[in-house]
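Q: Below are the structure tokens for one structure; questions will follow.
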Amino acid sequence: CRIAVRHVAEVFRCQAVVLLPDASGRLRFPADPPGENSLRGADLAVAQWVTDHGRQAGLGTDTLPAAAALYMPLGDAQRPSGVLAVLPQNRRRVLLPEQLHLLETFAGQTGLALERALLAEQAEAARVAAQSESLRNTLLASISHDLRTPLAVMAGAGSTLAERGDALDAATRSRVARA
């Protein structure tokens, strides 16, 4: 996100911020300290609307045009992974059609990178879970194997005492019972 903000700020000569949702789905400012080109005053209500509707809002749009910044969904409009907020020094830097298309491309690529990072994180978590399950199964198999031999001896001795206990002399019964 820091790299995306830095590139957008350089290319469009603006302040920018990437707003990502927390666990409850509400957008929040980055936890990292803001960089020199970070937009510190982004309107979270406008950004949340963009996330909820998957459409641009703010500067130069038909939705909430009084907002000072332009808010764009990151990634897919059906499932935005966050919002890119841009406050240009010169409105033309982002409102010209070719510039706006370039900014949309930046937002789309940033969204794809975020999604790829999330999928990699989920894949790693699944790998660790599978490895933990395998380790657990190996440990249980080892413990089961280690207990099986002494239990078999005890079961055999108990079975011998139960079936032939009366037929055995006292010394043999005592030896079998200690086994």
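The values are calculated or read from the model by the stated rules, or taken from the named source; none is laboratory data. Remember, it's a predicted structure, so these values are computed and weren't measured experimentally. Reconstructed Cβ throughout: ideal geometry from the backbone, glycine too, with neighbour counts over all protein chains shown. To get the accessible areas, we keep the full protein, side chains included, count just its heavy atoms, and leave off ligands, DNA and RNA. Shrake-Rupley method; radii C 1.70, N 1.55, O 1.52, S 1.80 Å.
Q: For region 121-168, which positions are of a type in the set (D, E, K, R) and open to solvent by less than 90 Å² (accessible area, probe 1.4 Å)?
A: Passing the criteria: E124, E133.
Q: Right, here's the next one. Restricting region 103-115 to residues that are crowded, with 17+ Cβ neighbours inside 10 Å and touching a residue at least 60 places away in the same chain (Cβ under 8 Å), which is nearest to S81 (Cα to Cα)?
A: Restricting to residues being crowded, with 17+ Cβ neighbours inside 10 Å and touching a residue at least 60 places away in the same chain (Cβ under 8 Å), the top hit is L114.
Q: Regarding region 47-57, can at least one residue be identified that is crowded, with 19+ Cβ neighbours inside 10 Å, in contact (Cβ under 8 Å) with a residue 60 or more places away in the chain, of a type in the set (G, A, S) and touching a Leu at 6+ places or on another chain (Cβ under 8 Å)?
A: Scanning region 47-57 turns up no residue that is crowded, with 19+ Cβ neighbours inside 10 Å, in contact (Cβ under 8 Å) with a residue 60 or more places away in the chain, of a type in the set (G, A, S) and touching a Leu at 6+ places or on another chain (Cβ under 8 Å).
Q: Moving on to the next point. Does A66 count as of a type in the set (A, V, I, L, M), open to solvent by less than 20 Å² (accessible area, probe 1.4 Å) and more than 22 Å from the chain's Cα centre (by Cα)?
A: Considered against the rule, which asks whether it is of a type in the set (A, V, I, L, M), open to solvent by less than 20 Å² (accessible area, probe 1.4 Å) and more than 22 Å from the chain's Cα centre (by Cα), A66 comes out as no.
Q: For region 89-102, check the following and say yes or no: at least one residue is closer than 24 Å to C1 by Cβ, assigned to a helix (DSSP H, G or I) and either without any contact (Cβ under 8 Å) to a residue 24 or more places away in the chain or of a type in the set (D, E) (or both).
A: Within region 89-102 (the criterion being closer than 24 Å to C1 by Cβ, assigned to a helix (DSSP H, G or I) and either without any contact (Cβ under 8 Å) to a residue 24 or more places away in the chain or of a type in the set (D, E) (or both)), the answer is yes, since at least one residue qualifies.
Q: Looking at region 1-20, which of its residues are at pLDDT 90 or above and not in a helix (DSSP H, G or I)?
A: Selection gives R13, C14, Q15, A16, V17, V18, L19, L20.
Q: Mind telling me which of the residues A107, A113 ends up being over 17 Å from R55 (Cβ atoms) and either within 22 Å of the chain's Cα centre (by Cα) or assigned to a loop (DSSP other than H, G, I, E, B) (or both)?
A: Testing whether each residue is over 17 Å from R55 (Cβ atoms) and either within 22 Å of the chain's Cα centre (by Cα) or assigned to a loop (DSSP other than H, G, I, E, B) (or both) leaves just A113.
Q: Just the residues that are open to solvent by 30 Å² or more (accessible area, probe 1.4 Å) and either at positive phi or modelled with pLDDT of 90 or more (or both), please, taken from region 77-89.
A: Matches in region 77-89: L87, Q89.
Q: How many residues, within region 23-40, are open to solvent by less than 70 Å² (accessible area, probe 1.4 Å) and at pLDDT below 90?
A: Residues meeting the conditions: 6.
Q: Looking at (1) within 15 Å of A47 (Cα to Cα); (2) open to solvent by 20 Å² or more (accessible area, probe 1.4 Å); (3) touching a strand residue (DSSP E or B) at 6+ places or on another chain (Cβ under 7 Å), find the lone condition where M72 falls short.
A: Unmet condition: (2).
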